[in-house]
1. May I ask you to list pairs of residues, at least six apart or on different chains, whose Cβ atoms are under 9 Å apart, with the first in the range 140-151 being more than 12 Å from Ser95 (Cβ to Cβ) and of a type outside the set (Val, Ile, Thr) and the second being modelled with pLDDT under 95 and open to solvent by 60 Å² or more (accessible area, probe 1.4 Å)?
2. Could you tell me whether Gln232 is open to solvent by 60 Å² or more (accessible area, probe 1.4 Å), under 28 Å from Tyr55 (Cα atoms), under 19 Å from the mean Cα position of the chain (by Cα) and modelled with pLDDT under 95?
3. Identify, please: which residue in the range 177-192 is open to solvent by less than 60 Å² (accessible area, probe 1.4 Å) and without any contact (Cβ under 8 Å) to a residue 24 or more places away in the chain and is, among those, farthest from the chain's Cα centre (by Cα)?
4. Any idea which residue in the range 144-176 is most open to solvent (accessible area, probe 1.4 Å), counting only those that are β-branched (Val, Ile, Thr) and modelled with pLDDT of 95 or more?
5. Of all strands (runs of 3 or more DSSP E) completely enclosed by the range 43-118, which ones contain at least 1 residues that are farther than 29 Å from Thr188 by Cβ and touching a Ser or Thr at 6+ places or on another chain (Cβ under 6 Å)?
6. Could you grab me the full set of residues in the range 193-202 that are touching a residue at least 12 places away in the same chain (Cβ under 8 Å) and either in contact with a Pro (Cβ under 6 Å, 6 or more places away or on another chain) or farther than 14 Å from Leu222 by Cα (or both)?
7. If you go through the range 239-258 one residue at a time, do you hit one that is modelled with pLDDT under 95, under 24 Å from Tyr48 (Cβ atoms) and open to solvent by 40 Å² or more (accessible area, probe 1.4 Å)?
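The values are calculated or read from the model by the stated rules, or taken from the named source; none is laboratory data. None of these values were measured; they are calculated from a predicted model. Heads up, the Cβs are rebuilt from the backbone with ideal geometry, glycines too, and the neighbour counts pull from every protein chain shown. The protein model used for the area step is the full one, side chains on, heavy atoms only, and it has no ligands, DNA or RNA in it. Shrake-Rupley method; radii C 1.70, N 1.55, O 1.52, S 1.80 Å.
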Amino acid sequence: MPSTVTFGNEDEGPFYIQHIHRSGSFERTQHMHDMYELYYLYEGERMYFIRDRSYLILPGDLVLINRRELHATSDSDKLGHARVVMNFSEGFLESVKEDAPFLLDAFTHATPVLRLDLPTRRFVEDILGKMIVEAKENHLGQTFALRHFLIELLLFTARFVRQHPVTSPEHVSPLHRKISTIVRFINTHFAEPMRLEELAERFEISPAYLSRMFKEITGFSLVEYVNLVRVQEAQRLLTETKMKVIAIAEQVGFGSLVQFGRVFRQIARTTPLRYRRQTAVT
């Protein structure tokens, strides 16, 4: 059985942290949510698909995932790992945003993976260790302390991406690079009809092989991924504009309002109009 420390609710927020050590295989998990996510790997290796490509995550890697950013984790060739993951809402930092508007800068950096040297790893692991201790016991000021240590960690990330020339790790293989190219094409052309056969012809790969490798590398089927990207853009338009829902459905590539509503509910677990009201409040 894996050893675990958990605080909060992963899906509801406003703050969630989990430290876990697994000795064997762990099935792929896929996410897109309104929370910011931080992931730190202590031991082992993991494959992580984020934004538009896959990364081999190694011990000492700190991963930052922006709100509504598609991501999925899976086993690498080496099984077993130890990691910390935390999710937090924008509202969890409401009290400090005015004084420190830069705290979340690292989440929009060119690469989501910060590869840390040994002294920096010790610094980060010291903060994470304090958070894990706080998460274990419901002491006075527990949430306050967790917020304090999170702010310390976010300040580190904001400074780190300014002070270090952070570059993306190499692709795991030429096939991973090709799938990344296809993902970037989808991210740009998602509002257009997206058919497997046409994509396969464009990128000179057989439809069956593309379908299988796309799922294996990204964690999403082609249809799942296209729908997620469309809903992701719809969420942005619902939050940032006053466009009518039917106009948003057309703009992001759905053939009908009924189809848009069904897919949106499956992914966001609410209707487009409720989502607009909820995000307007927050």
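1. Listed by first residue and then by second, the contacts come to Ala145/His139.
2. No; evaluated as a whole, the condition is false for this residue.
3. His189
4. Top of the filtered list is Ile151.
5. Details: elements: 46-50, 53-57, 61-65, 71-75, 81-88, 113-115.
By residue number, 71-75.
6. Passing the criteria: Leu196, Arg202.
7. no
Here is a yes/no grid of residues against (1) modelled with pLDDT under 85; (2) within 17 Å of Leu70 (Cα to Cα); (3) open to solvent by less than 40 Å² (accessible area, probe 1.4 Å):
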{"residue": "Phe15", "(1), (2), (3)": "no, no, yes"}
{"residue": "His19", "(1), (2), (3)": "no, no, no"}
{"residue": "Arg22", "(1), (2), (3)": "no, no, yes"}
{"residue": "Ser25", "(1), (2), (3)": "yes, no, no"}
{"residue": "Leu41", "(1), (2), (3)": "no, no, yes"}
{"residue": "Met47", "(1), (2), (3)": "no, yes, yes"}
{"residue": "Leu56", "(1), (2), (3)": "no, yes, no"}
